Amino acid sequence: MTITPSGKDKLSSCSTLQDVLKVATEFERTARDFYAALAPKVSKRIRYLVDELVVEEQAHYDLFTKLANDPEVEKQIKQEINLPPSNKRFSDCIQLPDLGDNPDDQSILQYALGREQAAMDQYHALAENAPEGPLKDVFTYLAQEETEHKNELEKIYYEVVHSGGV
Amino acid sequence: MKKIKYEDIGSILNPLKNLQFFARKPVTEPLGPRPAAEIYRGFHLNDMEKCIGCSTCQKICDNAAITMVKVPHLKNDPVNGIRNLRPAIDYGRCCWCALCVDICPVGAIELSREYVHTCNGDEVDSYFMLPQEKGMHGTVEEKGWTKTETNDLLDRHRQKMGEMAPEERVDNFDEIVDGFTPEQAVLEASRCVQCGMCHDSCPTHMHAPEYIRAIWKGNVEEAVEWMYETNPFSHVCGRVCTHRCETACSLNQTGLPQGSEPIAIRWLKRYAMDAVPHERIKEIAASKKSATRTGKKIAIIGAGPAGLTAAFDLIKQGHEVQVFEALAKAGGMTRYGIPYYRLPDDILERDVDVILSMGVKIQYNTRIGKDIAMEQLHKDYDAVILAIGLQSGRSTRIPGSDHKDVHSAVELLRKIGSVRDDIKAEKDPGFEIPRSAVVIGGGNVAMDIGRSLARYQKQQYGEVNMTITAIDAMENFPADDVEIKESLEEGITIIPSRGPQEVMLENGRVKGLRTWKVISVFDDDGRFAPQYDESDEQLFEAEMVIEAIGQMAETDLLGEELTEQLEWQRGRIKVTEDGATSVDWLWSAGDCVNGPDVVHAVADGHRVAESINEALSVER
């Protein structure tokens, strides 16, 4: 589930950290539900991928929920964003396909990568446009989280696609 | 009494000569040891990091003074030719001949100038010691007898293999390599130190030291007997094996001033297999066949190396074996993936024929899941082996990659493999040969398709216009070095470190491949995370783009129900070490569960056959 323009507007209009995190949490929930609904449709051979994506999105959902309810959120986020996010360009050339009824492992990964890329880009853009302060920090933090997830997916993509044969 | 002659005893005044010593200053020799000669052969030294544990020193020691001792904390990596064994010396036996120094393939063991060691009665075992870099007392600064080019007992360089020159071979599919003459084979075999590192590293643990020794003795039949203990695809492996044995060979050393090449184990195997008449090989293979029949029936899906090795073992054990093959001939990827110039069909046929001569039946052109259901096999057979290989090529799925002139390498190689028996068809593989093409990928499959198409281009257009490009730097290409070298010799352009971005189209036709320069492929943590320099963009003009980036198994034949019943592990059927799946009547072997080459498939075939034999024996 990519962050749609309306989603971006929703995020832009947030005025508190908790509001931003609640919207971001909602994005993660919809993604989790999307993959959960997809799992029974795909072959068992590749279901592990979808199951892993559900777990990943759930982990993000839990993390953002926890942060949104944490009165110390501002301090915690500041600590997390000390590590600058890397901006890899691998996913840039991967297209977002229409998954169809019975997608294969590569299509699912491409979709997930595209989603993470889009989310990452959006959070980066929001962070750049936000004034210095807690809001900027939280967007930077979210961008970093999505970047890390994308990097993990790239690794899986390599293992799945660039394997077999010599 | 015999008279003593005056001339024998000298003068009567001789004793008086001793008086001269009374005037001399007395001399007292010190009690400590004196310095030994420059190249004295004293106690042993061993560079523990340099030593590979090959035990060649132990084998040459006539006094049995050397025992190989396991040192647990040291690296133990047999696949790459390192054991955690190190020589311990028994100085009750050692004669300090230094043959261990002269034979050591890596120059790790040396002798020091240290020669004094005393101990109390209860320390008598201190004469049996594990030499280290600083000697037995940890004080040695100077070495005595060491390895030099002149005392090296090893023949470091392999016999030169004859092969067709690039200009002779580039317009045809004739086999490139000549093979050893009998004289060359004996000379090459004589280089072997019988350390057994090759055996340890081989996935199917071929008895290479034994067959090399047999070749050295001139007994090629014995060599073939040893080969058939572990490998019914010895003809194939004699030509296209990935020869991990040679990587692990103790003579495969770099950094020595005299250089050091591994024994040409693959070519020796090829030599012995070619030297023994085919009918005799059949007899050798059949000699281990069980005389009794078990009455058990096994179905094998796929007539590649894994499936046929399992078939070979199971029929030897007395079972009935039926193989089902979707294509018209046996061999799997060895026939439909490896080009003729590396592995001629008639050579592959010999291995297959030996297996068939044992009584294995193959039903060709039969696609399980379509012509016969898996459930039917389950009903009709006591066990089923899935050995379907990796038949499908992966796609980059970059923009334009769905164009009809973008192909997977395995698809094209299958077409080429399907027609190559027919001399007329050899020049027409059943698809239009592009005047220019670019291959994406840096593995052997990329080289195979690039070199095959280059041959067709030369035949049809008189010139080669072929580019192979990959994301990896040249030194990290997965392809064998010799494949890269020969590709370049044949006029193929290889461009490393390019990331494919788009298949460019013009007027509905492929125009070329747009790429970016790759700055790095992996991040600091070793994770795949390529970074590109977008300002360095290149277009490789081509009429056809071929993808050779990875392969996958087509498992649709299993059907939905069985797919759900089976356990999977990251896209592959989950199997035990013995190849058993989670369904009690189904085993799986070869590339579809383990990769990635012929010799691994052979090893897998053995494991699965043994597992089935055990399972069926329990039932009996």
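Just so you know, all these numbers are worked out from the coordinates, no wet-lab data involved. None of these values were measured; they are calculated from a predicted model. Neighbour counts are summed over all protein chains in view; Cβ atoms, including those assigned to glycine, are modelled from backbone coordinates with ideal geometry.
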Rel. contact order, % - alpha carbon contacts under 8 angstrom, at least six apart, the range B:29-153: 36 percent
Relative intensity, log₁₀ I(q)/I(0), of the protein assembly as shown from a Debye sum that treats every alpha carbon as a point, q = 0.05, 0.08, 0.09 Å⁻¹: -0.38, -0.85, -1.01
Extension gain, B:D536 back to B:N476 (0.36 nm per residue minus Cα-Cα distance, nm): 19.5 nm
Those aspartates and glutamates that a straight Cα-Cα span of less than 14 Å connects to B:K361, excepting residues fewer than 8 apart in one chain: B:D313, B:E320, B:E325, B:D353
Relative exposure of B:S520, B:S234, judged by other C-beta atoms within 10 Å (fewest first): B:S520, B:S234
Entries of B:K50/B:K269; A:K41/B:K370; B:K485/B:K517; B:K297/B:K370; B:K50/B:K70; B:K50/B:K143 with Cα pairs more than 25 Å apart: B:K50/B:K269
Positive-end residue of B:A603, B:A373, B:G441, charge dipole of chain B with Cβ unit charges: B:A603
Peptide B:441-448, shielding by other chains (average Cβ, 10 Å cutoff): 2
Amide H contacts under 5 Å for B:I82, placed H, 5+ residues apart: B:D77
Mean separation of Cα contacts under 8 Å (6+ apart) over length of chain B, as relative contact order %: 12 percent
For B:M333, B:M164, order by how many other beta-carbon atoms lie within 10 Å, fewest first: B:M164, B:M333
Acute angle (nearest 10 degrees) that the helix B:265-275 long axis makes with the longest principal axis of chain B, alpha-carbon atoms: 70 degrees
Any cysteine of chain B lacking a neighbouring Cys Cβ under 4.7 Å - listed by number: B:C51, B:C61, B:C94, B:C95, B:C97, B:C104, B:C119, B:C192, B:C202, B:C249, B:C592
Gain in span if fully extended, B:D371 to B:E167, counting 0.36 nm per residue against the direct Cα distance: 68.8 nm
Qualifying trypsin sites (Lys or Arg not before Pro) for the range B:15-62 [loop in DSSP, other Cβ within 10 Å: at most 15]: B:R24, B:K50
For the range B:254-333, alpha-carbon Rg relative to the globular expectation (2.2 N^0.38 Å, N residues): 1.58
Zero-based 10 Å bins, Cα pair distances in the range B:393-551, whole percents: 11, 40, 36, 10, 2, 0
Neighbour-count order for B:R607, B:R158, fewest beta carbons within 10 angstrom listed first: B:R158, B:R607
Tilt relative to chain B, helix B:305-316 - C-alpha long axis, 0 to 90 degrees, to 10: 80 degrees
Among B:G144, B:V236, B:L386 - extreme Cα towards positive end, dipole of chain B, charges at beta-carbon: B:G144
Per-residue mean of C-beta atoms belonging to partner chains within 10 Å, peptide A:42-53: 4
Exposed-loop-free span, longest in chain B, where GluC sites (Glu not before Pro) count as exposed if DSSP calls them loop and at most 10 other C-beta atoms lie within 10 Å: B:150-576
For chain B, calculated [θ]222 nm from helices alone, where every DSSP H run of n ≥ 4 adds -39500 (n - 2.57): -8500 deg cm²/dmol
Full-extension gain in nm, B:K485 to B:Q258, via 0.36 nm per residue minus C-alpha separation: 79.4 nm
The range B:106-182 versus the range A:122-151: alpha-carbon centroid distance in Å: 59 Å
Nearest 10 degrees, 0 to 90: helix B:598-619 Cα axis against chain B principal axis: 80 degrees
For the range B:462-513, diffusion coefficient by Stokes-Einstein and Kirkwood Rh (Cα), 25 °C, 0.890 mPa s, µm²/s: 196 µm²/s
Student exercise, the range B:265-305 dipole from Lys, Arg, Asp, Glu Cβ charges, in Debye to nearest 20: 220 debye
Extreme residue, positive dipole direction of the range B:393-551, given options B:L488, B:G526, B:A409 (C-beta unit charges): B:A409
Rounded to the nearest 20 debye, dipole of chain B from Cβ charges on Lys, Arg, Asp, Glu: 2220 debye
Nonlocal amide H pairs with B:A529, under 5 Å, H built at 1.01 Å: B:F522, B:D523
Estimated dipole of the protein assembly as shown in Debye, rounded to 20 [Cβ of Lys and Arg +1, of Asp and Glu -1, Cα centre]: 2860 debye
Sites B:T28 and B:Y127, calculated FRET efficiency, Cβ-Cβ separation with R0 41 Å, nearest 0.05: 0.85
Volume per residue of the C-alpha convex hull in the range B:29-153, rounded to whole Å³: 120 Å³
